[in-house]
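See below for the structure under consideration.
We did not get these values from a lab; they are worked out from the coordinates using the rules stated. Predicted model only: the values in this text are computed from it and were never measured. Because the Cβ atoms are built from the backbone with ideal geometry, glycine has one as well, and the counts that use them run over all protein chains shown.
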Amino acid sequence: VVIMTTKTAPMTLPPTTAPQPEPPSSYIRTTTQSYISRAAHILGPDRVHAKGKSVIRPSVRIHGDYGAVVSIGRYCHLDEGVVIAPTVVDLEVAVDDDETKKNARENFPMSASSSSSGFSTGFSNHRRRNRDAMMKQMRDRFLADLSPPNNNDNDNDKDNDNDNDAAKRTKPRQKALPLSIGSHTRICRNTVVRSLSIGSNVYVGSDCLLHPRSVVKDCCVIEDGTVIPPDMVVPPFSRVRGVP
């Protein structure tokens, strides 16, 4: 048996630059061993409760200034550009009002029983560009709607004759509802969350929009670019994608 061997030049790989880790000094370590970036925006920190061992990356914005508690479980990861804000409801209108639900269904005709097979998987490049532009418009409008709840019980408004205060008093009284995020949950880049709750062991992809009063149960996957409409309840062990 003759074994022929040939001498070949060693394979060279193109040079790659490894991502530089962020210096430890750019994070604040809390007493519960959570790491919060100094570039994150925690508004109303007394109402933001992180149970521990979570990571909050730069440019994350958490709204505890709405008056409702934002609870974050253990071992959570909030990626860059994530916005967390509680649901705001009018006190004059019940949360489960039939007319409110009817309007939500008309604007977002997608039910909780919808599966991923209901969305087209063969998007053309043209439709993808249109969808990306639509998602950007929706996200910009979504962020523009973020505002603390209006409370007309403040007596100081009576002493201020400013037009802005007069316009504020004409709005219905509002209240922010608590928002809870379970443990072992990851929320990826540029996702806006205004849900009532997100369960444990949930993966939320990038550029997602979770509308007010929506609920995501445990062990779910929300794929990139998904829009969860108002009042939608995602059952446990679900995989959701698409734009209604």
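Residue by residue through segment 193-205, which ³J(HN,Hα) values in whole Hz follow from phi under the Karplus form 6.51 cos²θ - 1.76 cosθ + 1.60 (θ = phi - 60°), with glycine and proline marked x?
3J(HN,Hα) across segment 193-205, in whole Hz: 10, 10, 6, 7, 7, 10, x, 8, 6, 10, 10, 10, x.
List every residue whose amide H lies under 5 Å from the amide H of V55, counting only residues 5 or more places away in sequence or on a different chain, with H placed 1.01 Å from N in the peptide plane.
Y35, C76, H77, L78
So, by mean Cβ neighbours within 10 angstrom, what's the order for 208-215, 228-235, 173-180 with the highest one leading?
208-215, 228-235, 173-180
Go through segment 182-188 residue by residue and turn each phi into a ³J(HN,Hα) via Karplus (6.51, -1.76, 1.60, θ = phi - 60°); whole Hz please, and just put x for glycine and proline.
Once θ is set to phi - 60°, the couplings for segment 182-188 become x, 7, 6, 10, 10, 10, 8 Hz.
Just order 40-49, 80-89 by mean Cβ neighbour count inside 10 Å, highest at the front, would you?
Descending packing order for the listed peptides: 80-89, 40-49.
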